[in-house]
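Data block below; observations after.
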Amino acid sequence: MPAWTDAHNHLQDPRLGDPAPLIAAMKAAGIVKCVCNATCEDDWAAVENLALAHPDFIIPAFGIHPWKAHTARDGWQGRLEKLLEKHPHAVIGECGLDQWVDSPPLSTQLPVFLHQLRIARETGRPPTIHCLKAWGALMDAFDEETPPDRFLMHSYGGSIEFARQLIPLGACFSFSGYFLHPKKAKVLDVFRQLPMDRILLETDAPDMLPPSSAISHPLPENKNHPANLPGIGAGLAEALEMSAEDLARLTRANMECFLKPSS
């Protein structure tokens with residue numbers, strides 16, 4: 001059985017319910033490690049508790065999602081830094097910029113993202129970046145706060161041209177199952193052109209539901225089970241003309257490299 005790694009999920013999300021059976025199903029499906037991403041300070045403790053309960057399986061990511069930028073409370077930067085000190089293997093995320101939503105506005109998102117970029121660079125922790133319809137704003141942000149030498153563009157749906165601007169900066173790109181839907185075929189074309197050592201795999205559970213052909217663990221209300229990762233991987237492997245075993249090995253090695261703290 002291939003050994004898979006999930007570069008991005010939200011096991012703490014209450015929509016998924018009790019994480020214990022989810023994790024058991026993930027392990028039974030061959031998933032050996034995952035990164036669990038917070039979205040705001042209010043769920044940092046839930047992510048922390050999951051990582052403490054499953055230290056060999058869950059890598060915690062602490063950050064503030066652009067949709068939650070308006071929830072950032074005074075002093076959050078210092079509290080994030082202390083949490084990272086407490087967890088030497090933690091990374092930063094989910095953070096980023098989003099102009100697909102109207103609220104909170106970019107003017108609220110931007111300072112929160114810039115602070116997280118600075119903390120990522122100063123602590124050597126790679127950030128997981130969410131970017132929707134904000135490609136120009138992202139590059140402007142990078143001009144203001146240089147990103148660390150590794151960062152992840154999670155569930156990357158941008159163009160190959162933009163990816164080529166990000167690659168020299170240290171970007172990795174994770175593929176989520178939603179992009180296996182036929183209407184998203186252009187994303188597969190992008191991943192065929194990316195450097196193989198920059199490709200990761202994710203579920204973004206409970207979101208980014210793949211097509212039914214990739215769903216091994218259905219959930220009600222179109223929620224995405226994190227144990228669907230092998231089906232997502234099989235779909236991407238077919239598009240890349242490689243075996244599922246080889247893709248699992250590749251993405252596992254890529255994630256190990258991505259997670260190493262920078263000096």
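Since every read-out is calculated from the coordinates, none of them should be taken as a lab result. Being a predicted model, the structure only gives us computed values, none of them experimental. FYI the Cβ positions are ideal-geometry reconstructions off the backbone, even for glycines, and counts take in every protein chain you see.
Along segment 166-182 the Karplus relation, 6.51 cos²θ - 1.76 cosθ + 1.60 evaluated at θ = phi - 60°, assigns HN-Hα couplings of 7, 4, x, 7, x, 6, 10, 9, 9, 9, 10, x, 4, 6, 7, 5, x Hz to successive residues, with x for each Gly and Pro. Relative to the Cα centre, the charge distribution of segment 4-259, modelled as +1 at Lys and Arg Cβ and -1 at Asp and Glu Cβ, gives a dipole magnitude of about 220 debye. For the listed peptides 35-42, 91-98, 253-260, a ranking on the average number of other beta carbons within 10 Å per residue, highest first, reads 91-98, 35-42, 253-260. Applying 1/(1 + (r/R0)^6) with R0 = 25 Å to the Cβ-Cβ distance of Ser216 and Lys183 gives a FRET efficiency near 0.70.
Of the peptides 154-167, 117-130, the ranking by mean beta-carbon count within 10 Å, highest at the top, reads 117-130, 154-167. Averaging Cα coordinates gives a centre for segment 239-263 and one for segment 92-125; these two points are 26 Å apart. Its alpha carbons considered, segment 4-259 gives a radius of gyration followed by a Dmax of 16.8, 49 Å. Summing charges over neighbours of Glu41, with a neighbour being any other residue whose Cβ is under 10 Å away from its Cβ, gives +1 when K and R count +1 and D and E count -1.
In segment 1-42, inverting the average of 1/r over every pair of distinct C-alpha atoms gives 11.1 Å as the Kirkwood radius. Toward the positive end of the charge dipole of the chain, with +1 on the Cβ of Lys and Arg and -1 on the Cβ of Asp and Glu, the farthest Cα among Pro210, Gly231, Leu152 is that of Gly231. For the pair segment 160-179 and segment 32-65, the centres of their Cα atoms are 23 angstrom apart. The alpha carbon convex hull volume per residue for segment 28-125 rounds to 107 Å³. In order along segment 227-235, the phi-based Karplus estimate (6.51 cos²θ - 1.76 cosθ + 1.60, θ = phi - 60°) of 3J(HN,Hα) comes to 7, 6, 4, x, x, 5, x, 4, x Hz; Gly and Pro are listed as x.
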